[in-house]
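Visitor: Before we start, here is the structure in question, set down as structure tokens.
The values are calculated or read from the model by the stated rules, or taken from the named source; none is laboratory data. Worth saying up front: this structure is predicted, and the values here are computed from it rather than measured. Note that we place each Cβ from the backbone using ideal geometry, even for glycine, and neighbour counts take in every protein chain shown. Side chains are part of the model used for accessible areas, which takes the heavy atoms of the whole protein and leaves out ligands, DNA and RNA. Shrake-Rupley method; radii C 1.70, N 1.55, O 1.52, S 1.80 Å.
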Amino acid sequence: MPPVERRPDTDDSPAGGRPAPSADWWRDAVFYQVYVRSFADGNGDGVGDLIGIRSRLGHLAELGVDALWITPFYPSPMADHGYDVADPRDVEPVFGDLAEFDALLAEAHALGIRVTIDLVPNHTSDHHEWFQAALAAGPGSAERARYLFRDGRGAEPPNNWPSVFGGPAWTRVPDGQWYLHIFAPEQPDLDFTNPEVIADLEETMRFWLDRGVDGFRIDVAHGMAKPDGLPDMVPMEDTGLLDDHGPGDKRFDQDGVHAVHRRIRSVLDQYPGTMAVGEVWVSDDARLAQYVREDELQLAFNFKLLTADWSAEALRPAITHSLAAVARTPAPACWVLSNHDRPRHVTRYGGGELGLRRARAAALLQLALPGAVYVYNGDELGMPDVDLPDEALQDPIWERSGHAERGRDAGRVPVPWSGTGPSYGFSSSPATWLPMPEGWGGLTVEAQAADPSSMQSLYRAALALRRSAKAFGGEELEWLPAPDGCLAFRRPDGLVCLVNMSAAAVPLPEGRVLLASAPVGEGLLPADSAVWLTA
Ligand code: GLC
């Protein structure tokens, strides 16, 4: 394995300050998503926190990531585990305080790791002082005009929009008006046509940028703008269902959202070297491209890998469309295999040994692609989803769907660090906020560090190569002929990646093997594996 070399632009960073500005460090960066509740618990209450993250920065540096995305750690009643923000310019006591955040930032920077944080513009918590004031002030008030309060249609809500978490997107308040919440009732949507709302967002951005953060992940970046008059969504002709996240979904991807992104960008431009990535659940290439125009976001997640099955037929178009979406924009592609909202890919790919083997190959696929990469905490360990008992479930989806959908907790179980349980070094308490299963001793960071064939060793080797090997240069991708059920491509500076999703071993292409997800003997790449080669 080649030595890990820090890129010059992260050398000699002043402690506490941002690493020396490099306008486009994010173009090929590996971001590591820290789901704060589940990464590491530093104070023994069973919930991850900022001290926990700080204590594990060494792991992240050794892993070789360039930047963190830390999910919301702001004061919150936790109706949606932090995505219901009561005060966007402070730290939730469960997670720490501002001094602890500053210390984390300084230490990460000293290690050459950039820090990006979640920005949640679309909605606040119902505990936010603005929403409390809106409830108190009554219909027609300036306080209500920061949110989307409307009169109903008789006893019916103002329109037929559903909440993403189940049930209607409207809740009625005692004086008879209704307010819009695209997510949980505890997450009222803000009205971005109100100048106070965008001004407050800018203040939040400056608050954190002045402290030294390197950028933001924008939550629901395709939300924020709502169509004039909040018209009904029209059921689709073929199914009679509402067009969830499609072109007919009036809750998302309205043209007015781009004005918000231009404002976000103009703040970022005042802080050289900072960036934003949007959570944009928009599948049309041309519509997605609009979010990464020159004066909008630097990156937009492309979720096509996250939603594609393990087959060449699904993955090749996922890659082609992701590249096509950014082809005529200044942005590189931005690849995601797993996150805190979706089943983990080990499980999606079949679970068990099969899921792990495929996940190893998928890691090499993701890390060979040109552009930015997001790794979700635990991907590097091969964490699977966990079957949790009903009584452990906490995601609002579970209750709001009337127990029809289990929600997202299965992929949010804490990261195992060491030992044999019950909390595997995640916490000094055995009672973790979601229970950790028995039998995870072999999955821990500690156990995997000692095993050169572990998932973690594969990630370390892959990230080191990606960082230092010349073959990874250039943002183009040339498809190469490949056997049935396989994908093969070449990067401009020579990296060749072959992924075998067929049921049989296939011949290795010409070249020197840099890294493989499974042993490659006798010139063959086994089924469900991937290899990197160079000339
Ligand atoms: C985003 C987050 C998700 C959250 C939702 C509402 O989709 O990733 O976790 O529930 O926004 O803020």
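Visitor: Identify all residues within the range 22-41 that are open to solvent by 10 Å² or more (accessible area, probe 1.4 Å) and either assigned to a helix (DSSP H, G or I) or within 13 Å of P414 (Cα to Cα) (or both); write none if there are none.
Guide: Within the range 22-41, W25, W26, R27, D28, R37, D41 qualify.
Visitor: For the range 115-134, how many residues are open to solvent by 10 Å² or more (accessible area, probe 1.4 Å) and not in a loop (DSSP other than H, G, I, E, B)?
Guide: 4
Visitor: Take A79 and tell me if it is more than 30 Å from G256 (Cα to Cα) and open to solvent by 10 Å² or more (accessible area, probe 1.4 Å).
Guide: no
Visitor: Only one residue in E353, E399 is farther than 24 Å from D41 by Cα, at pLDDT below 95, outside any loop (DSSP other than H, G, I, E, B) and out of contact with any Phe, Trp or Tyr (no Cβ under 6 Å at 6 or more places or on another chain). Which one?
Guide: So the residue among E353, E399 that is farther than 24 Å from D41 by Cα, at pLDDT below 95, outside any loop (DSSP other than H, G, I, E, B) and out of contact with any Phe, Trp or Tyr (no Cβ under 6 Å at 6 or more places or on another chain) is E399.
Visitor: Going by the structure shown, is L111 within 25 Å of A372 (Cα to Cα), at pLDDT 95 or above and open to solvent by 60 Å² or more (accessible area, probe 1.4 Å)?
Guide: Criteria met by L111.
Visitor: Which one of these is open to solvent by less than 30 Å² (accessible area, probe 1.4 Å) and free of Cβ contacts under 8 Å to residues at least 24 places away in the same chain: A518, A488?
Guide: It is A488.
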